[in-house]
């Protein structure tokens, strides 16, 4: 499936064939400053039946560094900046549809849990034809220095080059506040749920499921034809 077609062709209201993406996919967004635990909760949720987690950070790190997209993404990441919107969306949709083609992501059964995308309001608008946002889970952090220490620890444990520089990490925080945080006001406030991020993962997960389980119960299984 060609990603350019995915980006340029809007979804149709007609019935889908086996190979047609059944857009828009019901989705939940996980938001928070770097180090707030988005990836941890996403990985926990994807082990629960009914959820499928995709992290833009994981996708970007798996790109071939010799490819044009991999080179561009790494250049921006090394500066703590967001990759260009069009490249970000193309990479994301290409990866997502590869997961659907491999039947790891099953649109009839899975609520899509997105971590790290969209990252600004322009990306929200670009994705409107592809995802139907049912909830936005916002991991609140009142002490960013604690998050920065957590990121530095993660860099050492996981050999995460993009987390190794404190100056780059602080730049990522500034970019989050300037470009990503406004998304919290973009979506209807009734679907935005604030959760304290500095608790143990089990407590955070329990509260996440309190918001997301009713969506899974209401929306799935989906009737795609």
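Since every read-out is calculated from the coordinates, none of them should be taken as a lab result. Nothing here was measured: the structure is a model prediction, and the numbers come from that model. We place every Cβ from the backbone using ideal geometry, glycine too, and count neighbours over all the protein chains shown.
Quick one: angle between helix 166-175 and the longest Cα principal axis of the chain, in degrees between 0 and 90, rounded to 10, please.
Taking Cα atoms only, the helix is inclined about 50 degrees.
Report which label in (i) 22.9, 91; (ii) 17.3, 54; (iii) 17.1, 51 holds the value of Rg and Dmax of the Cα atoms in Å derived from the coordinates of this structure.
Checking each listed value against the structure points to (iii).
Can you sort 64, 115 from fewest to most other Cβ atoms within 10 Å of each residue's own Cβ?
64, 115
Given a Förster distance of 30 angstrom, what is the FRET efficiency for residue 200 paired with residue 223, based on the Cβ-Cβ distance and rounded to 0.05?
That pair, residue 200 with residue 223, gives E of 0.20.
When the chain is treated as a GNM, springs tying every alpha-carbon pair under 10 Å, which of 167, 55, 77 comes out with the largest mean-square fluctuation?
Judging by the Gaussian network model, the answer is 167.
Using 0.36 nm per residue of separation minus the Cα-Cα distance, give me the extension gain between residue 154 and residue 102 in nm, one decimal.
Length difference between fully extended and current span is 15.7 nm.
May I ask for the angle, rounded to the nearest 10°, between helix 144-158 and the longest principal axis of the chain, with both axes built from Cα atoms and the value confined to 0 to 90°?
Approximately 80 degrees, to the nearest ten.
Taking a quarter of the surface of the Cα convex hull of the range 128-225, what do you get in nm²? Walk me through the intermediate numbers first.
Working: hull surface 35.0 nm².
Mean shadow area of the hull around the Cα atoms is 8.7 nm².
Share of antiparallel DSSP beta bridges in the chain, in percent to the nearest 5?
The answer is about 0 percent antiparallel.
Suppose only helical runs count, i.e. DSSP H with n ≥ 4. What mean residue ellipticity at 222 nm does that imply for the chain under -39500 (n - 2.57) per run, divided by all residues and rounded to the nearest 500 deg cm²/dmol?
-13500 deg cm²/dmol
What FRET efficiency do you get for residue 78 and residue 128 if R0 is 25 Å and r is their Cβ-Cβ distance, rounded to the nearest 0.05?
0.25
Gaussian network model of the chain, Cα springs within a sub-10 Å range: biggest mean-square fluctuation belongs to which of 144, 190, 166?
Comparing 144, 190, 166 in the GNM, the peak value goes to 190.
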